[in-house]
Amino acid sequence: MLRWRYDIRSTIGQVLNITGILVILGIVLFPLLWMVLASLRPVTETLHDPPVWIPRQLTFAAYLKLLSDPRQLSYFINTYVISFGTAALSIALSALCAYGFSRFRIRGARFILLAVLALQLLPNVTLILPFFNMSRALHVHNTYFALIMADTAFALPISIWLLKGFFDSIPIDIEEAALLDGCTNLQCFRYVVIPLVIPGLIGTGVFAFLWAWNEFLFAVVLTSGPEVAPLTVRMSQFFSQYGRDWNNIMALNVIALLPLFAIFIWLQRWVVNGMTAGAVK
């Protein structure tokens, strides 16, 4: 009798858990579904009140228009170059900085780390003018370099704190054994420590990548044409005082998300480990 009651409660609990997960999943995925549908049907259906849940007419005109324009390809290339460049530079700089804070005695290290984190409190708009003047003075305005450096400056503080947790979780005995075998500090960092924190490096890279991917303010100020402008700038051009081209906006989002979605599916195991494993020492 007790066993039967336990099985009933266990079954009810599993059903409730699965139902809750499906409800949450539906809430999370609904905007993506609506974005895809909005890119495939006329604007009149998308903006209809009450909403039209099942499309009555499907059209690929927005996709054909975007893919037939060779200028659109440059925005995709620019976005990936800037995002991957920001991720690579953030990983390299934050790894060296976090390793130094984790392994070496630095006077006032705690206050320095707090000061680095405090940089995140600065709104982006307060640094627009200094970055703009600096890019013009160094003759790097409207270049990949200017955007990568600006995005890295804001992604670096969190990246340092994320990786420091990973380096702190690695026993120092492993490095001491490598030093006794004749490794230098740099060789120990490269061949012993780095392979152990690969999940953290990937998680940090994903964070920096997403920061650069979604950034708009610096992108619109530090660029002056389609040569290096990312997708966020291109999407803003579909908004005007006369209306909004929702079909092209949604179609551009869908096209941009497909490669990114494939990359994240491939890296999902390392991304989850990278975002959580370094949080516990």
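The values are calculated or read from the model by the stated rules, or taken from the named source; none is laboratory data. For clarity, every value in this text was computed on a predicted model and none was experimentally measured. Backbone-built Cβ (ideal geometry, glycine too); neighbour counts: all protein chains shown. Just the protein is used for accessible areas: all its heavy atoms, side chains included, with ligands, DNA and RNA removed. Shrake-Rupley method; radii C 1.70, N 1.55, O 1.52, S 1.80 Å.
Assorted remarks:
- Just one residue in the set ILE148, ILE174, ILE170 is among the aliphatic types (A, V, I, L, M), touching a helix residue (DSSP H, G or I) at 6+ places or on another chain (Cβ under 7 Å) and either on the phi > 0 side of the Ramachandran plot or surrounded by fewer than 16 Cβ atoms within 10 Å (Cβ to Cβ) (or both); that residue is ILE174.
- In the range 37-56, the residues that are surrounded by 12 or more Cβ atoms within 10 Å (Cβ to Cβ) and assigned to a helix (DSSP H, G or I): LEU37, ALA38, SER39, LEU40, VAL43, GLU45, THR46
- Residue match in the range 199-214 (condition: assigned to a loop (DSSP other than H, G, I, E, B) and surrounded by 15 or more Cβ atoms within 10 Å (Cβ to Cβ)): no
- Test: residue in the range 37-49 that is under 22 Å from the mean Cα position of the chain (by Cα) and over 21 Å from TRP213 (Cα atoms): no
- Number of residues in the range 217-268 that are buried (at least 19 other Cβ atoms within 10 Å of the Cβ) and assigned to a loop (DSSP other than H, G, I, E, B) equals 5.
Listed here are the residues, each with its yes/no results for (1) open to solvent by less than 50 Å² (accessible area, probe 1.4 Å); (2) over 17 Å from the mean Cα position of the chain (by Cα); (3) at positive phi.
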site	(1), (2), (3)
PHE84	no, no, no
ILE91	yes, no, no
ALA95	yes, yes, no
SER102	yes, yes, no
ILE106	no, yes, no
ALA109	yes, yes, no
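- Residue-level check: of (1) in contact with a Phe, Trp or Tyr (Cβ under 8 Å, 6 or more places away or on another chain); (2) in a helix (DSSP H, G or I), THR126 misses just (1).
- Options GLY108, GLY100, GLY26, GLY85: the member that is out of contact with any Gly (no Cβ under 8 Å at 6 or more places or on another chain) and at pLDDT 90 or above: GLY85
- Near pairs, Cβ below 7 angstrom, 6+ apart or cross-chain, from the range 65-81 (in contact (Cβ under 8 Å) with a residue 24 or more places away in the chain and among the hydroxyl-bearing types (Ser, Thr, Tyr)) to any residue that is surrounded by fewer than 19 Cβ atoms within 10 Å (Cβ to Cβ) and not in a helix (DSSP H, G or I): SER74/PRO226; TYR75/PRO226
- When residues in the range 143-172 are screened for being touching a Gly at 6+ places or on another chain (Cβ under 7 Å) and modelled with pLDDT of 90 or more, 2 of them pass.
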